[in-house]
Amino acid sequence: MTDIVIIGAGAAGCVAAIKAAEAGARVVLLEKNDKIGRKIMITGKGRCNITNAKKWSDFSSHIHTKPAFLKPAFYAFSNIDTVDFFESIGVETVLTRDDRVFPKSMNAATVVDALARRISGLKIKTEFCCDAGRVIKTPDNLFVTEYIRESGRRLSQESIISRAVIVATGGLSYPATGSTGAGYDIARGFGHTIQRTFPSLTALVPEHYDTRLVGIELINVTASLTVGRDFAASEFGDLQFTDGGIEGPVGFKLSRKAVWALLNGDKVSVSIDLKPAVPLERLRERVLQAIRQEDVTGANFDKKVRRLLRGFMPQALTAPFAEGNRLTMDNLASVMKDWRFNITGYVGYRRAVVTAGGVSLDELVSRTMSSRNAPGLYFAGEVIDIDGDTGGYNLQIAFSTGALAARSAAEYCKN
Ligand SMILES: Cc1cc2nc3c(=O)[nH]c(=O)nc-3n(C[C@H](O)[C@H](O)[C@H](O)COP(=O)(O)OP(=O)(O)OC[C@H]3O[C@@H](n4cnc5c(N)ncnc54)[C@H](O)[C@@H]3O)c2cc1C
């Protein structure tokens with residue numbers, strides 16, 4: 001028997017294991033992969049944006065859908081604590097634009113290696129290749145976690161008894177990293193509601209997507225989302241056209257609302273303003289000037305307009321822009337400020353950065369991360385119905401909820 005079983009050695013599970021062991025609890029960490037932190041390795045394009053340094057008042061505006069739920073966990077283990085923690089285990093950090101914090105090495109392996117060293121330094125028992133299934137509570141308030149251990153070609157059914165369990169199995173995104181939704185079944189086993197899950201921070205697929213756009217990056221544009229006939233959101237920054245569709249920081253920020261609307265059968269469109277800093281009237285004047293200079297006439301419009309467009313956008317964009325819109329001399333400026341894409345789909349979990357939805361917050365105690373249905377059972381990380389924007393928010397959610405669940409579970413075991 002042990003004090004705490006932690007299921008999942010991702011961002012939340014690793015920090016939970018370290019914090020629980022530091023609090024004096026005996027911990028067993030169960031991980032179905034053969035190493036810890038497989039998803040951490042691919043975060044921030046391999047650089048790992050470990051947190052965001054914004055104060056809670058700003059930070060919370062990037063948390064969905066109930067930031068108030070995260071507040072106690074954030075204050076128990078804040079973004080400042082995250083930086084201090086990683087510095088204390090040998091990861092130097094740097095602050096970059098938009099308050100993003102990275103390891104100075106700009107290498108996610110630095111983060112994972114440091115966590116692994118600390119886990120082994122604390123002599124935390126880590127069981128790899130162990131796929132946890134059912135968790136049950138015995139009449140004497142102990143937990144039995146059943147798992148399948150894979151060693152070579154041999155599979156064995158095993159179980160472990162503990163006073164408390166922390167479920168840190170992640171969501172459904174990037175299943176290749178190990179997060180395949182197992183935590184939802186464990187939660188359901190204790191009568192928890194799973195709020196509808198859907199991919200977030202993912203690419204939006206435009207109707208008749210022109211593949212010539214793939215690889216083009218737009219800097220400092222504004223993209224606005226319309227759902228049905230209503231304006232839903234607007235974001236300023238960088239946007240990328242990829243093989244998936246519209247993504248990059250701006251596309252990602254719009255994706256949560258867009259995917260939710262598509263799931264509900266609403267019509268969704270994205271309008272890109274290529275010149276957000278230039279008011280429409282001034283842009284019109286500049287376009288008219290260019291029309292005069294290039295000697296664009298009604299007769300040679302199609303031929304000359306692309307040359308003209310080069311003064312207003314990256315060259316690679318000119319052909320898809322000219323052919324994807326019904327351009328006239330009169331509407332050139334307004335289309336540059338309102339380039340509309342009907343969105344007909346999105347890229348699913350296989351490439352979504354995060355899973356929205358999950359274990360219902362109403363059934364968890366925000367001060368402890370404990371299940372209201374089963375004292376001694378805790379949830380941490382992406383498995384919970386809480387997610388953040390791109391920018392280090394999601395790892396901080398995992399670290400904060402993992403640390404708080406660990407502290408609470410350690411106290412529970414003592415009592
Ligand atoms: C491509 C990509 C880039 C990202 N970049 C960033 C970034 O730069 N900054 C940021 O803040 N966020 C980023 N995120 C999001 C962030 O990585 C996740 O939100 C965070 O890792 C969630 O942590 P977690 O511990 O809850 O889940 P995970 O990290 O998914 O860990 C869950 C662990 O549980 C294990 N597990 C699952 N089921 C079982 C089971 N039944 N038995 C045993 N083990 C199990 C899994 O193998 C896995 O190791 C990124 C995500 C992706 C996909």
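Quick look at the values:
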{"read-out": "Most mobile listed residue (Pro279, Pro249, Pro72) in the chain, GNM with C-alpha springs under 10 Å", "value": "Pro279"}
{"read-out": "The chain, relative contact order [Cα under 8 Å, separation at least 6], %", "value": "25"}
{"read-out": "Burial ranking of peptide ranges 350-359, 81-90 (average Cβ count within 10 Å, highest at the top)", "value": "350-359, 81-90"}
{"read-out": "Partner lysines for Lys267 [C-alpha distance under 25 Å; skip if fewer than 8 residues away on the same chain]", "value": "Lys253, Lys257, Lys337"}
{"read-out": "For Gly170, distant residues with modelled amide H under 5 Å away", "value": "Glu382, Val383"}
{"read-out": "Highest to lowest packing among 130-141, 385-396, scored as the average C-beta count within 10 Å", "value": "385-396, 130-141"}
{"read-out": "Computed over the chain, Cα set: Rg, Dmax in Å", "value": "24.6, 87"}
{"read-out": "Between the range 153-185 and the range 35-52, the Cα center-to-center distance that results, in Å", "value": "19"}
{"read-out": "Rounded if a/c under 1.5, otherwise prolate or oblate - the range 1-95, Cα gyration tensor axes", "value": "prolate"}
{"read-out": "The range 130-185 shape via C-alpha gyration tensor axes, a/c threshold 1.5", "value": "oblate"}
{"read-out": "Whole-Hz couplings from phi, Karplus 6.51/-1.76/1.60, listed for the range 256-266; x for Gly and Pro", "value": "4, 5, 5, 5, 4, 5, 4, 4, 8, x, 7"}
{"read-out": "Summed residue charge, Cβ within 11 Å of Val347's Cβ, Lys/Arg positive, Asp/Glu negative", "value": "0"}
{"read-out": "Length-normalised contact order of the range 126-198 in % [C-alpha pairs under 8 Å, at least 6 apart]", "value": "23"}
{"read-out": "Residue of Thr110, Thr211, Thr126 that the Gaussian network model of the chain assigns the largest fluctuation, springs spanning Cα pairs under 10 Å", "value": "Thr211"}
{"read-out": "Cβ-based charge dipole, the range 204-346, positive-most Cα from Pro279, Ala233, Val268", "value": "Pro279"}
{"read-out": "Calculated [θ] (222 nm, deg cm²/dmol) that DSSP helices of n ≥ 4 give over the chain, each run adding -39,500 (n - 2.57)", "value": "-10000 deg cm²/dmol"}
{"read-out": "Gaussian network model of the chain, Cα within-10 Å springs - most flexible of Gly13, Gly170, Gly376", "value": "Gly376"}
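Read the figures in this text as sums done on the coordinates, not as results from a lab. From a predicted model like this one, the values you see are computed outputs, not experimental measurements. Because the Cβ atoms are built from the backbone with ideal geometry, glycine has one as well, and the counts that use them run over all protein chains shown.
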